[in-house]
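Right, one structure below, let's go through it.
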Number of protein chains: 2
Amino acid sequence: MNATPLGIADADRMATKLKALSDPTRLRVLSHVVAQGCDSVCACDLIDVLDISQPTISHHLKKLVDAGLLTREQRGRWAHYTVVRETFAELSRFLSLD
Amino acid sequence: MNATPLGIADADRMATKLKALSDPTRLRVLSHVVAQGCDSVCACDLIDVLDISQPTISHHLKKLVDAGLLTREQRGRWAHYTVVRETFAELSRFLSLD
């Protein structure tokens, strides 16, 4: 944020992304994707490390994909997820006051 | 976020702050406080520029204070608000992948 006030359309767009981040389970899911290298992380690995059921993790992963925070690629039985670095960079810059 | 996965307590704490940010009106309120210099901005000025009723803006400002994003100081009739720079810095760092 800076000296130019946020317009309504930009506020809506940023609020949608921040809403996807405003859940502790989703933050832990994202954190594990990041900790595993950000790239093509299997949902099966997330289920193992987070000890969350498959339907629950699928629900949260869908919200993260819909918000543009992750992309999804199906590989055989399992979906794999990759961090959208541009979205995180945009949010980090948005919350910076420097 | 980095190579160390987020624990449950930290995930709860960050999600609470991000939830306060996940509303477009609150983002516009914050953006106007930042645009007016971050320091001791009168609620009266926010009502004028945002064209939002006093009860609505008071509701949103309370949520931002409760989440540690703003501090509030009463001066006569009006409350004045100051940005908590440390909270924004923490959130910006948290969403950085660098």
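Suppose accessible area is computed on protein heavy atoms with a 1.4 Å probe; arrange B:F94, B:F88 from highest to lowest.
The ordering from most to least exposed comes out as B:F94, B:F88.
Using modelled backbone amide H atoms (1.01 Å from N, in-plane), which distant-in-sequence or interchain residues come within less than 5 Å of B:C42's amide H?
Answer set, sorted by chain and number: B:Y81.
Over the protein assembly as shown, with the other protein chains present, what is the accessible area per residue in square angstrom, probe 1.4 angstrom?
Working: 9650 Å² over 196 residues.
Accessible area per residue: 49 Å².
Please tell me the relative contact order of the stretch B:1-64 in percent, rounded to the nearest whole number, where contacts are Cα pairs under 8 Å and at least six residues apart.
Values: 23 pairs, mean separation 21.4, N = 64.
It comes to 33 percent, rounded to a whole number.
List the residues, sorted by chain then number, that are 5 or more residues from A:V84 or on another chain and whose placed amide H is less than 5 Å from its amide H.
A:L70, A:T71
Just how much of B:L61 is accessible, in Å², when a 1.4 Å probe is used and the result is rounded to the nearest 10?
Spelled out: B:L61, probe radius 1.4 Å, area about 0 Å².
Once ligands and nucleic acids are excluded and a 1.4 Å probe is used, how much of B:I8 is accessible, expressed in Å² to the nearest 10?
B:I8 exposes around 110 Å² with every protein chain in place.
Over all distinct Cα pairs, what is the inverse of the mean 1/r for the protein assembly as shown, reported as the Kirkwood hydrodynamic radius in Å? Present the calculation step by step, with values, prior to reporting the outcome.
Numbers: mean 1/r = 0.0569 Å⁻¹.
Value: 17.6 Å, from the Cα pair sum.
Would you kindly derive the ³J(HN,Hα) couplings of the stretch B:68-73 from the backbone phi angles with the Karplus curve 6.51 cos²θ - 1.76 cosθ + 1.60 (θ = phi - 60°), listing them in order in whole Hz, with x for Gly and Pro?
So the J values, rounded to whole Hz, are x, 8, 9, 10, 10, 9.
What distance in nm separates the two pseudo spin-label positions at B:D10 and B:D48, each 7 Å out from Cα along the beta-carbon direction?
About 4.4 nm separates the two model spin labels.
Ignoring everything except DSSP H segments at least 4 long, calculate the 222 nm mean residue ellipticity for chain B; use -39,500 (n - 2.57) per segment, divide by total residues, nearest 500.
-18000 deg cm²/dmol
Shortest first and in nm to one decimal, what separations exist between A:R72 and its copies in the other chains, measuring from label points 7 Å along the Cα-to-beta-carbon line?
Going from nearest to farthest copy, the values are 4.0 nm.
The values are calculated or read from the model by the stated rules, or taken from the named source; none is laboratory data. Keep in mind it's a predicted model, so treat the numbers as computed, not measured. Glycine also receives a Cβ, built like all others from the backbone with ideal geometry; neighbour counts cover every protein chain displayed. These accessible areas exclude ligands, DNA and RNA; they are computed on the full protein's heavy atoms, side chains included. Shrake-Rupley method; radii C 1.70, N 1.55, O 1.52, S 1.80 Å.
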